[in-house]
Structures are given as C-alpha cells and as structure tokens.
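Asks: Sharing a structure with you now.
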Amino acid sequence: MPISELSAVERIARVLAAERLSVNGEGYEPSAGDEVEAEWPLYIGQAVAILKTLREPDIVMANAGDAGVWQAMVEAALADYEGDPSDE
C-alpha cells in the first residue's frame, strides 16, 4: 500500500483548496496548482474538523475492518497536527 509523504491534514486541506479553485470543482482555474500551493494552509482548520468527524467509523466502515485501528489512525493524524485550528 502506498504511504503518503504529506500529513492527512495537509492532504485534506489541499483537496479543499483545489475544490474551491479548480474548474474541476467549484472554481474557475483550468490549472490551479500554483494557487492551491499558496492557499491550502487557509483550509487547515476545515481539514482538522473533517478528521475529527471521521474519528468514529460508520457501520459500513467498521464492518470493513478494525474500527479500533481506524480510530487510532485518525487520532494519530490529529495528534500529528501541531497547530490550533481555532487560530485559523
């Protein structure tokens, strides 16, 4: 299984920024890479909120694997984040 070199918080924040900026989402930019690179930190608070929501797997997720492992992985991703999302 591939393992990302970016944190979960950063990856989610980048997706949120790209969704807003890219023509493939709700945006207007046909090539939004530079804008996403500049703006993804603005989405860190939202990314943390999404991860907090995902701490508890739903029934489908729990049936697919070990719910305790899932929760531990999401908690680790949150613990890896070294900021205060309320500062955003």
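Asks: Of all residues in the stretch 6-34 being among the acidic types (Asp, Glu) and surrounded by fewer than 17 Cβ atoms within 10 Å (Cβ to Cβ), which is modelled with the highest pLDDT?
Replies: Per the stated criteria, the residue is GLU19.
Asks: Still on this structure, I have one more. Return the residue satisfying two criteria in turn: it lies in the stretch 57-88 and is among the small types (Gly, Ala, Ser) and more than 14 Å from the chain's Cα centre (by Cα), and of such residues it is modelled with the lowest pLDDT.
Replies: Out of the qualifying residues, it is SER86.
The values are calculated or read from the model by the stated rules, or taken from the named source; none is laboratory data. Since this is a predicted model, take the numbers as computed values, not measurements. All Cβ positions, even for glycine, are placed from backbone atoms using ideal geometry, and neighbour counts span all protein chains on display.
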